[in-house]
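To start, the structure itself, in structure tokens.
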Amino acid sequence: MSQLQLDKLTKVFTDDDGSDIVAVDGVSIDIEDGEFLVLVGPSGCGKSTTLRMVAGLETVTSGDIRLGDRTITDQKAQERDIAMVFQSYALYPHMTTRENMSFGLEESTDMSTDEIYDRVEQAAELLGIAALLDRKPTELSGGQQQRVALGRAIVREPEVFLMDEPLSNLDAKLRSSMRTELQRIQEDLDTTTMYVTHDQTEAMTMGDRIAVLNDGRLQQVGTPLECYHRPANRFVGGFIGEPSMNFFEMTVEGDRLVSDRLNYPLSAETADAVAGSDRVTLGIRPEDIEIVDRPADDHAFETVVDVVEPRGNENSVYLMFGDQETEENPETFVAIVNGMSRVEAGEPVVAHVPEDAVHLFDADSGDALRNRVLDDLDETEPRV
Amino acid sequence: MSTETDTQTEKQSRFGGLDGYRIALYTVLGLLVLFFLTPIESGLVTSLKTATAVTNTEPYLPPLSGAEFSLENYATAFDALANGVFNSLLFAIPATVVSALFGSFAAYGLTLVDWKYQVPILVLFVAGVFIPYQAVLVPLSRLYSIIDFAALLSFVWALTPLSPEYANLVELAVTHIAYGIPICTVLFRSYYTTMSEEMMEAARLDGASVRRIYRRIVFPLSTPMFAVVLIYQFTQIWNDLLFALVIVATSSSPASPVTLDLAGLGVSMQGQDFGLRMAGAFIAALPTLLVYIAFGDEFAEGVAT
Amino acid sequence: MKEFFERVRRATSGRSADRGAGADGSDPEESDGPAESGAAVTDGGVATGSDRGGTTGDDPGALRRAFDRIDDRLGRDFVESSPFWLPAFLLMGFFVYGAIGWNVLISLTDYRGFGTVDYSQLDFDMYVRAFQSSAVQQAAINTFVLLLGFTIVCLIFGMLLAILLDRRVRYDNSLRLIYLLPMSLSFVVTAQFWLWMYDYSNGIVNQVLGLVGLGPYNFIGNPQLVLGAVIFALVWQYSGYAMVVYLSALRAIPDEHFEAAKVDGASVVRMYWRVIVPQLRSATISAAVVIMVFALKAFDFLYSLVGGYRPPNGADILATLMVREAYQNTNWAYGSAIAVILFMMALAVIGPYLVYQYRNDAL
């Protein structure tokens, strides 16, 4: 078990017509010993390429990968002592579960047959697949194959686990139960883990920390709640969270933000933070918007309910500035309210956008100028 | 496509609407069966007739009376060809196995591993499938006159009842291996490109070397393709005449393969004894026919790739 | 469960310590640069690359570094995978490309009769002689006719067979095997069958033609007919191949295309002509190339037809001419020159095909 360091990792692919495509651009992350790091981003952002470079399946254009005190950048995949779980599971179809799980031990160690037998036996126990050890992959369900793939990785006791969207081929229900189980196993084994997903729910729920990647560049590394409450830029703010953060393009005019529809006064403190920018993006999370009867202060705005999506415990309420009939492009945004509250489409309501909960990003660079106010982020951090 | 009866009848009715269409279709297919089988059937019945019956009876009718029937053609043809059949098996089997192995190795090294310039090398293999062998015959003869297998393998002739002429069969085997490698490589490659890349990567991460991955993953998974390649390649090597003619030269050699003997069978009989010719043809075709009857689907697959 | 991993952890770290010590003792090279040599012993217990040290020679580090440099240039697995493809490549390369080069060289000499080749005087005399020879010109024309006629008829007939078999017939697999059966036979064998089929007095072909009042013809003896007769026999033997290729292409076309055409009200013939046949383009190309190659190998058939180097009048092709000149008349250099001409003809077909496949990433 050791610390995994990515140091300015860069991957440039050369296209067929000779042009270069930068898939991963100077990514540096330190993953602590035993940490569960989730690499998340939209498809094509370079997260899988990053993982494959760590695995040794992809050559590194520049930068370094260090595992513990050795540099593994140029080592072959076979020599890195890293195990990986693939999206397609990639089980060996002609081997039984037991043979699949023994293979890595036979190839990378000189353990005796008995030792390997015991180890596979117990890992299978841990994963609840002991009864399936003599079956071939074609005789297993998707979820069972998933476990075998996992088992194949854990019997080897590698220094690092890499997981490339391992749950994406499972149905929704199985996925959420495997999510919990994967976390439990990782905690039990305490092995440094790098987990790639495009699903921000997986990122939020599973990772000790998450690293958000976009367009080959690292956007932010932090705990899930840090990334949620203190996004480093507009991309992270919009990517993390479901439904995603509402954004409004605004112009800074002294101590207020102005747009066609909104006129949002700022406190002195906030006005200082945005003083350097002309145009900013105001971000507000749907759950932070309150729907009230009448305007309580000048942070409340008259809107009309467009659509209500009931989800039982809560409702997503799509609100609209202006009148759909008369205006060409009405601006909609979403608020989440208690599932019991009665709001109906077409109803005029007042939306309160509390200044404490507002994020402000520079409109050009997207960098966060001001994040929401929290009493103490560290205390809201759940201890897992 | 679906074979369910409902859709089938529905499709039928939509296509023609009447049974006449089906009848016509099956009639045509039946006539085609006749077209493809007649030469073989006619050969078979002729091979079983006496010399007089061959000229006096219809060529497609089987011998109808005991006077017309004779196995003598087969007896004569067998005497003439038995040695050739033995010789052909002697070089065709090892040449088939070795070229299939080489093909599998090469396809693995050019498909499932990672290095540059695989494709240019592969183009050279693919082009090798298509060359007309006439373009290499004279150099081949020169080569085998320079490398004297008969002398190199003198211990073999000393230890076995085989005569030094059998060195020709070693040359034939080497030749067929070399010229069989391209097609075997192409066949295996088409199969290997369908193998899961993630599986190969998983094996790599499991610590297996390139050699071990072949041994433990790729080779065991190649079994169906080996069947295809072995069958196809055996047919090709067994059926070859050109290399046999150039390397062994004459059917009077004790090492002459069966195709050479068969082509010579006509010459010595002045081409008129069709009963004997047909019997010879069937003896020479027997191994490939047996292979085809047993593994026709694999053969078709090898051909279609 | 934790116990198991604790236990395993202890067991493996103990083992790797032993091994590490052993390696240190026996091979000082191993210990001075684990990162560089790639053989790192880790606390996780898996000592990789330990099989490498000491076995590769006096200075394994240097050899390994040299390999690494080659790999850096040519790709990660170049050195490790070369034992797989390199022997096959060298063997094939020598026999195919080496021999073709050698053949070109011989064609530039005056080599004939028995004895050795004199490479000191190279000229194009043989090519001049070949281009002026009426036998070569006639053989080239015959080769061309055979190539084109056989290929086109085979493709059309094969496509029709495939379309018929694709019409949801019963026993389609057995029918496919029957239609493909002749292809499993040797040219030597089929030549015997067709010699009998074409026999002047007893042959079935003449009997069938007699039913409609034609013939009998002397197919093999008549120079006007023999090439057509050979093409017909070859089509019998190889149209099954075209059928198999087309059949797999037809089966890859989604049902929707057939159904869409039906909904549009197209007749069956129009549907095939407008919708299906255009989709068989790449199948046609690859089948055509392979069939042409079969045609180039028609030597075996013609040789067996007469049991000698001299094919029937009117059926001499470059392939038979080349072998006859070289092996009967021992005009080696002349034969080589004819072979080069034949090779160029083949290249004219195969070259564009390979480029096409390469561009489509279909290799």
With the structure loaded, tell me whether residue A:288 is among the acidic types (Asp, Glu) and modelled with pLDDT under 90 or whether it fails that test.
no
Considering only residues that are within 14 Å of chain C (Cβ to nearest Cβ) and of a type in the set (S, T, N, Q), look in the range B:120-165 and name the one that is surrounded by the fewest Cβ atoms within 10 Å (Cβ to Cβ).
B:145
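Conditions tested, residue by residue: (1) touching a helix residue (DSSP H, G or I) at 6+ places or on another chain (Cβ under 6 Å); (2) more than 9 Å from every other protein chain (Cβ to nearest Cβ).
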position	(1), (2)
C:298	no, yes
C:308	no, no
C:311	yes, yes
C:314	yes, yes
C:331	yes, yes
C:336	yes, no
C:341	no, yes
C:349	yes, no
C:362	no, yes
So, residue B:226, is that one farther than 29 Å from residue B:152 by Cα, of a type in the set (Phe, Trp, Tyr) and within 13 Å of chain A (Cβ to nearest Cβ) or not?
no
I'm trying to understand the selection: among the residues of the range A:110-136, which are surrounded by 15 or more Cβ atoms within 10 Å (Cβ to Cβ), more than 14 Å from chain C (Cβ to nearest Cβ) and among the charged types (D, E, K, R)?
A:135, A:136
Just to be sure before I move on: is residue C:137 surrounded by fewer than 21 Cβ atoms within 10 Å (Cβ to Cβ) and under 31 Å from the mean Cα position of the chain (by Cα) in the structure I sent?
yes
Kindly provide the set of residues from the range B:224-262 that are more than 19 Å from residue B:303 (Cβ to Cβ) and in a helix (DSSP H, G or I), ordered by number.
B:242, B:243, B:244, B:245, B:246, B:247, B:258, B:259, B:260, B:261, B:262
Among the listed residues A:102, A:112, A:108, identify the single one that is hydroxyl-bearing (Ser, Thr, Tyr) and either at pLDDT below 90 or in contact with a Pro (Cβ under 7 Å, 6 or more places away or on another chain) (or both).
A:108
Restricting to helices (runs of 4 or more DSSP H) lying wholly in the range A:141-249: which have 3 or more residues that are surrounded by fewer than 18 Cβ atoms within 10 Å (Cβ to Cβ)?
A:172-189
Residue selected from the range C:99-112 under the condition more than 7 Å from chain B (Cβ to nearest Cβ) and touching a helix residue (DSSP H, G or I) at 6+ places or on another chain (Cβ under 8 Å), by the criterion nearest to residue B:204 (Cα to Cα)
C:104
Do we have residue A:302 as at pLDDT below 85 and either assigned to a loop (DSSP other than H, G, I, E, B) or over 16 Å from residue A:247 (Cβ atoms) (or both) here?
no
For residue B:281, the lone unmet condition from (1) in a helix (DSSP H, G or I); (2) in contact (Cβ under 8 Å) with a residue 24 or more places away in the chain; (3) within 29 Å of residue C:361 (Cβ to Cβ) is (3)
Can you find, within the range A:95-109, the residue that is nearest to the other protein chains (Cβ to nearest Cβ) among those that are among the polar types (S, T, N, Q) and assigned to a helix (DSSP H, G or I)?
A:108
For the range C:84-126, enumerate the residues that are surrounded by fewer than 18 Cβ atoms within 10 Å (Cβ to Cβ), hydrophobic (A, V, I, L, M, F, W, C) and without any contact (Cβ under 8 Å) to a residue 40 or more places away in the chain.
C:86, C:90, C:94, C:105, C:122, C:124
Restricting the search to the range A:113-152, which residues are among the β-branched types (Val, Ile, Thr) and within 28 Å of the chain's Cα centre (by Cα)?
A:148
Taking into account only those residues within the range B:203-223 that are β-branched (Val, Ile, Thr) and over 12 Å from residue C:84 (Cβ atoms), which is surrounded by the most Cβ atoms within 10 Å (Cβ to Cβ)?
B:217
Residue C:200 passes all but one of the listed conditions (1) within 13 Å of another protein chain (Cβ to nearest Cβ); (2) in contact (Cβ under 8 Å) with a residue 12 or more places away in the chain; (3) crowded, with 16+ Cβ neighbours inside 10 Å; (4) touching a Gly at 6+ places or on another chain (Cβ under 8 Å); the exception is number (3)
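Condition check ((1) buried (at least 16 other Cβ atoms within 10 Å of the Cβ); (2) under 32 Å from the mean Cα position of the chain (by Cα)) across all residues:
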site	(1), (2)
C:214	no, no
C:230	yes, yes
C:237	yes, yes
C:243	yes, yes
C:253	no, yes
C:256	no, no
C:260	no, no
C:263	no, no
C:268	yes, no
Within the range B:15-54, count every residue that is within 10 Å of chain C (Cβ to nearest Cβ), surrounded by fewer than 21 Cβ atoms within 10 Å (Cβ to Cβ) and among the small types (Gly, Ala, Ser).
2
Checking the conditions here, which among C:304, C:267, C:282, C:239 is more than 26 Å from residue B:136 (Cα to Cα), among the polar types (S, T, N, Q) and either touching a Gly at 6+ places or on another chain (Cβ under 8 Å) or at the interface with chain B (Cβ under 9 Å from one of its Cβ atoms) (or both)?
C:239
Requiring at least 3 residues that are within 25 Å of residue C:353 (Cβ to Cβ), the helices (runs of 4 or more DSSP H) wholly within the range B:95-204 are B:118-130, B:134-146, B:167-192
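Each row is one residue, and each column tells you yes or no for (1) over 30 Å from residue A:185 (Cα atoms); (2) touching a residue at least 24 places away in the same chain (Cβ under 8 Å); (3) away from every other protein chain (no Cβ under 13 Å); (4) crowded, with 21+ Cβ neighbours inside 10 Å.
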| position | (1), (2), (3), (4) |
| --- | --- |
| A:3 | no, yes, no, no |
| A:9 | no, yes, yes, yes |
| A:27 | no, yes, yes, yes |
| A:33 | no, yes, no, no |
| A:43 | no, yes, yes, no |
| A:46 | no, yes, yes, yes |
| A:66 | no, yes, no, no |
| A:71 | no, no, no, no |
Out of curiosity, is residue A:349 in contact with an Asp or Glu (Cβ under 9 Å, 6 or more places away or on another chain), of a type outside the set (S, T, N, Q) and either part of a loop (DSSP other than H, G, I, E, B) or at pLDDT 90 or above (or both)?
no
Of the residues that sit in the range A:61-94 and are part of a loop (DSSP other than H, G, I, E, B) and touching a Pro at 6+ places or on another chain (Cβ under 8 Å), which one is nearest to residue A:158 (Cα to Cα)?
A:81
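The values are calculated or read from the model by the stated rules, or taken from the named source; none is laboratory data. Quick caveat: nothing in here was measured; it's all calculated off a predicted structure. With ideal geometry, Cβ positions are generated from the backbone for all residues, glycine too; neighbour counts draw on all protein chains shown.
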